[in-house]
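Down below is the structure, laid out as structure tokens.
The values are calculated or read from the model by the stated rules, or taken from the named source; none is laboratory data. Because the structure is predicted, anything quoted here is derived from the model rather than measured. For neighbour counting, all protein chains shown are included, and Cβ atoms are generated from backbone atoms with ideal geometry for every residue, glycine included.
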Amino acid sequence: MKTPSDELFMLIKSLNRYEKRHFKAASSHGRGQEARETTAYLALFDAIDSMDSYNEQELRTRLRKKGGPEKLKRIKSYLQESILKFLEGYYVDFSIEIQLQRHLQRIEVLLEKRLYDMAWKVIGKAEKFALENENHLYLLLLMDWKRKALQRQVDLPEIKKYLKNGFQEEEEVLAFYENLLQYRKLNLQADVLLKTRFEGADEESIRELKTLLKNPYLSNPEKASSKRAKGLYYAILGNIYIYFKEDWEKSNACYKQAIVLQEGGALFQNENARIYLGLLSGLSTTEILLKRANELKTTVEKARDFFNRQSKKMQTGNLQNQYMGILINYISFQVEQFNLGQALQQSEQVKEFIDKHGDEVIYLVFYANYAITTFYLRDYHLSLKCINKILAKDKTTVRRDIINDFRIYNLMVHYELGNEDILPNLTKSARNMLSKGRALNQAEQLILDFLEKKAPRMFSKQERKDAFALAGAELRRIITDRKPPYNQRHYSFLLEWFESKAETLDFLDWSKMKFGKGTPSERGS
């Protein structure tokens, strides 16, 4: 039996409260049969909206109880089409591309009606708009419609002019577009490699990044033939340089250049707004790495002001995620500086926002920072709640490094809570999960063996001190000898914990004293 589609459920759940309100208001008009159909699909809308997960049998039962529509398949299709049509109208001025697409539709309709003068006016208006925003793809489409208009009018003198100059203009626009495509390709290649690095890259992926930097298109900004291409040039370099400590200054400078270029455009169009906040997010990361607290504060305030000035319509999921990435970067900085009270306060302020709007990456990074903050503050129960939220995302394909790191942190929290009796079983489970699709590294094997076999059998204070000291010394040797090095933040955190136990000192005090500038907080960019 075919599984019922949950597309309509996902579509309705993607709507914010403003979209739902406007959709219902726009759908409430009508008479007779139209009004009856509207009532039926709005009843279906409300029934689906009230569900936490999609179950078609449960939906049918709910609708029968309320005297709702029986022909569910037809009404579902009608409702889905109605929502999509509403969204098309609601977001008519949402982006440059949507506005240009509307112009193209008008041109086609006017030419079909043989209203050539009106069609040429729309072509001229659309061309000007596309040129202002350097949208070369739509310029090419508009040139195609210019040729069609001339042919349909059978305007031979103008056709001859187009033969002389028009195709040359098309070739020039095409050259601009092909140049932009080269930077888009490089951006995507860099994005793939950088995401690989997040998951624990080897030397090969690092070599590939350095090879990418040698691409001729990244040798000089003059290689970029348009403002959009130049913006991508600086963004790509900023994204790559950020992963090499010796190039953090370069990354910071590149993000600043890209931001200046972006600020010269139509910032309040959705795609430009998303890119702008993404660049501010990258800039905030470099300011954390370079320990520039005042600059970071300015960047965060700039992002907050920009986001709040956006209309509710513009504050979509993608834009919200970019903004939340910057907020998480700021929380990360507070953790790294051991301003844990501020980090906790800021985390509590944005938690509901993250839970409601954050994508999986934002969600994982946020709760990683929240768990570390509360662990330092010895609020182990709250830290465990945060860790459970992270581990509940086990099936995710993104930021597997966070999932894996917190399998071990989970064991540490249980040890701090005095749950030594369940540590062996918890550790075996963590070992099995960490071993899926990869081999455990030496550090992981050492920590897991210690927590499974040693930790539950340490009965005296001296036994614990000696065992942690021995394990800590071995962990330090493994981390130091590793080529390429392990994730520095993650293993510094583990080492701090082992050594604080060996010295019988408070973990936070030991960390401040020993590794005050190297905590394992995660960043949102």
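Side notes on the structure shown:
- Of all residue pairs spaced 6 or more apart or on separate chains, those with beta-carbon atoms under 7 Å, a first member in segment 335-351 that is of a type in the set (A, V, I, L, M) and a second member that is not in a helix (DSSP H, G or I) are V335/T519; V335/S521; L340/L377; L344/L377.
Yes/no matrix, rows are residues, columns are (1) in a helix (DSSP H, G or I); (2) under 17 Å from S226 (Cβ atoms); (3) more than 35 Å from the chain's Cα centre (by Cα); (4) at pLDDT 95 or above:
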| position | (1), (2), (3), (4) |
| --- | --- |
| E134 | no, yes, no, no |
| L150 | yes, no, yes, no |
| F167 | yes, no, yes, no |
| E178 | yes, yes, no, yes |
| Y183 | yes, yes, no, yes |
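- With respect to being exposed (fewer than 12 other Cβ atoms within 10 Å of the Cβ), at pLDDT 90 or above and closer than 30 Å to R228 by Cβ, Q105 fits the description.
- Selection from segment 141-166 of residues that are out of contact with any helix residue (DSSP H, G or I) (no Cβ under 9 Å at 6 or more places or on another chain) and closer than 20 Å to I107 by Cα: V154
- Tallying residues that are over 17 Å from the mean Cα position of the chain (by Cα) and assigned to a helix (DSSP H, G or I) within segment 332-354 yields 15.
- The listed residue being out of contact with any helix residue (DSSP H, G or I) (no Cβ under 7 Å at 6 or more places or on another chain), within 21 Å of E336 (Cα to Cα) and not acidic (D, E), out of Q488, Q462, Q445: Q488
- Looking at segment 374-479, none of the helices (runs of 4 or more DSSP H) lying wholly inside it contains 1 or more residues that are farther than 30 Å from K351 by Cα and touching a residue at least 60 places away in the same chain (Cβ under 8 Å).
- Selection from segment 291-324 of residues that are among the β-branched types (V, I, T) and more than 20 Å from the chain's Cα centre (by Cα): T298
- Selected residue (criterion: nearest to K13 (Cα to Cα)) from residues of segment 279-314 that are in contact (Cβ under 8 Å) with a residue 60 or more places away in the chain and buried (at least 18 other Cβ atoms within 10 Å of the Cβ): M314
- Taking the criterion of being buried (at least 18 other Cβ atoms within 10 Å of the Cβ), under 21 Å from L417 (Cβ atoms) and small (G, A, S), the residues of segment 428-471 that qualify are A430, A455, A467, A471.
- You will find that of I83, I75, I98, the residue that is farther than 29 Å from N272 by Cα and β-branched (V, I, T) is I75 and no other.
- Residue match in segment 166-178 (condition: in contact with a Phe, Trp or Tyr (Cβ under 7 Å, 6 or more places away or on another chain) and aliphatic (A, V, I, L, M)): no
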